[in-house]
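The values are calculated or read from the model by the stated rules, or taken from the named source; none is laboratory data. This is a predicted model, so every value here is computed, not measured. Neighbour counts are summed over all protein chains in view; Cβ atoms, including those assigned to glycine, are modelled from backbone coordinates with ideal geometry. Ligands, DNA and RNA are stripped out before the accessible areas are found, and what is left, the full protein with its side chains, is counted by its heavy atoms. Shrake-Rupley method; radii C 1.70, N 1.55, O 1.52, S 1.80 Å.
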Amino acid sequence: MAELQCRQTIFCPAFPVAGRTVYAGHLFVHDKLLDQSGMEDHPLNPMRDSCLPRLLAQQSRAEVGLVAYRDVAAGAAAIAHALQQQL
């Protein structure tokens, strides 16, 4: 973000083909929260928290927010408004 001189970015690490989804800011593996999916004891990268905003906040100097599904479902204007509110 600093290199591109942008104030916001969107990050959604979903990969549904592999069973990875995001709902209400929480990461899921198939139908289980990430931290209850067996990944919590991964030898290289243990995942002990499923809350995406908390995970990202630990890795970023920037503030981390969440755009609710209701805003996504409402369309581009609602998404833009939700993002603007987080500046």
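Being open to solvent by less than 50 Å² (accessible area, probe 1.4 Å) and in contact with a strand residue (DSSP E or B) (Cβ under 9 Å, 6 or more places away or on another chain) is the filter here; which residues of the stretch 39-48 pass it?
Within the stretch 39-48, just 47 meets the criteria.
Across the stretch 48-68, what is the total count of residues that are over 14 Å from residue 11 (Cα atoms) and under 14 Å from the mean Cα position of the chain (by Cα)?
Number satisfying all stated conditions: 3.
Residues in the stretch 11-27 that are free of Cβ contacts under 8 Å to residues at least 24 places away in the same chain, open to solvent by less than 50 Å² (accessible area, probe 1.4 Å) and outside any helix (DSSP H, G or I): how many? Talk me through it step by step, then tell me what you get.
At the first step, the residues of the stretch 11-27 found to be free of Cβ contacts under 8 Å to residues at least 24 places away in the same chain are 12, 14-21.
When the remaining residues are screened for being open to solvent by less than 50 Å² (accessible area, probe 1.4 Å), the result is 14, 18-19.
Okay, now just the ones that are also outside any helix (DSSP H, G or I), so 14, 19.
Looking only at that region, the number is 2.
Report, by residue number, each residue of the stretch 28-38 that is out of contact with any Asp or Glu (no Cβ under 6 Å at 6 or more places or on another chain) and either surrounded by 10 or more Cβ atoms within 10 Å (Cβ to Cβ) or at positive phi (or both).
Correct list: 28, 29, 30, 32, 33, 34, 36, 37, 38.
Restricting attention to the stretch 56-67, report how many residues are within 17 Å of residue 23 (Cα to Cα), free of Cβ contacts under 8 Å to residues at least 12 places away in the same chain and of a type in the set (Gly, Ala, Ser).
Of the residues in the stretch 56-67, 0 are within 17 Å of residue 23 (Cα to Cα), free of Cβ contacts under 8 Å to residues at least 12 places away in the same chain and of a type in the set (Gly, Ala, Ser).
Criterion first (small (Gly, Ala, Ser) and under 15 Å from the mean Cα position of the chain (by Cα)) does residue 24 satisfy it?
Considered against the rule, which asks whether it is small (Gly, Ala, Ser) and under 15 Å from the mean Cα position of the chain (by Cα), residue 24 comes out as yes.
Among (1) touching a residue at least 24 places away in the same chain (Cβ under 8 Å); (2) part of a helix (DSSP H, G or I); (3) open to solvent by 50 Å² or more (accessible area, probe 1.4 Å), where does residue 53 come up short?
The single condition residue 53 does not satisfy is (3).
Given the conditions (1) in contact with a helix residue (DSSP H, G or I) (Cβ under 9 Å, 6 or more places away or on another chain); (2) exposed (fewer than 10 other Cβ atoms within 10 Å of the Cβ); (3) touching a residue at least 24 places away in the same chain (Cβ under 8 Å), report the number of the one that residue 70 does not fulfil.
(3)
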